[in-house]
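All remarks here apply to the structure that follows.
The values are calculated or read from the model by the stated rules, or taken from the named source; none is laboratory data. Quantities reported herein were computed from a predicted structural model and do not represent experimental measurements. Cβ placement follows ideal geometry from the backbone for every residue including glycine, while neighbour counts extend to all protein chains displayed. Note: accessible area is taken over every heavy atom of the protein model, side chains too, but ligands, DNA and RNA are not part of it. Shrake-Rupley method; radii C 1.70, N 1.55, O 1.52, S 1.80 Å.
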Amino acid sequence: MAQPRIVAKQPVIVTLDPGTYYWCLCGRSRDQPFCDGCHEGTGIEPVEFTLKEKTDVALCQCKHTKNPPFCDGTHSTL
């Protein structure tokens, strides 16, 4: 399996409406932080998450969080 690419060493803060989203774990998507299918052939799959209400979230961009897709501060140790 390929290693995820680090997109940035800080989270991206976004306001998302209720719904289901697919967070890019491979780091190759051109639609960061969301999956666009670029993971094909890497062995890395996107992470599905669902929000029940409009929410501000901090999504991980270093791809090493222990709480995907949400930032847990791991980027500060990379």
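Please verify whether region 8-18 includes one or more residues that are modelled with pLDDT under 95, open to solvent by less than 80 Å² (accessible area, probe 1.4 Å) and either of a type in the set (D, E, K, R) or in contact with a Cys (Cβ under 7 Å, 6 or more places away or on another chain) (or both). Checked region 8-18: no residue is modelled with pLDDT under 95, open to solvent by less than 80 Å² (accessible area, probe 1.4 Å) and either of a type in the set (D, E, K, R) or in contact with a Cys (Cβ under 7 Å, 6 or more places away or on another chain) (or both). Residues that are under 8 Å from the mean Cα position of the chain (by Cα) and either among the charged types (D, E, K, R) or modelled with pLDDT under 95 (or both) within region 60-78 comprise just one, K63. Restricting attention to region 27-61, the residues that are assigned to a loop (DSSP other than H, G, I, E, B) and open to solvent by less than 70 Å² (accessible area, probe 1.4 Å) add up to 16. Figure legend. Inter-residue proximity from region 35-60: first residues more than 20 Å from D72 (Cβ to Cβ), second residues part of a loop (DSSP other than H, G, I, E, B) and open to solvent by 90 Å² or more (accessible area, probe 1.4 Å), beta-carbon distance below 8 Å, spacing 6+ or different chains. Indicated pairs: D36/R30; C38/R30; H39/E45; T42/M1; G43/M1.
Inclusion of H64 among residues that are of a type outside the set (D, E), touching a helix residue (DSSP H, G or I) at 6+ places or on another chain (Cβ under 7 Å), touching a residue at least 40 places away in the same chain (Cβ under 8 Å) and open to solvent by 30 Å² or more (accessible area, probe 1.4 Å) is warranted. Entry remark, region 28-59: residues being of a type in the set (D, E) and at pLDDT below 95 number 1 in total.
Whether a residue is over 12 Å from P68 (Cα atoms), open to solvent by 60 Å² or more (accessible area, probe 1.4 Å), in contact with a helix residue (DSSP H, G or I) (Cβ under 8 Å, 6 or more places away or on another chain) and not charged (D, E, K, R) was assessed, and Q3 does not pass this test.
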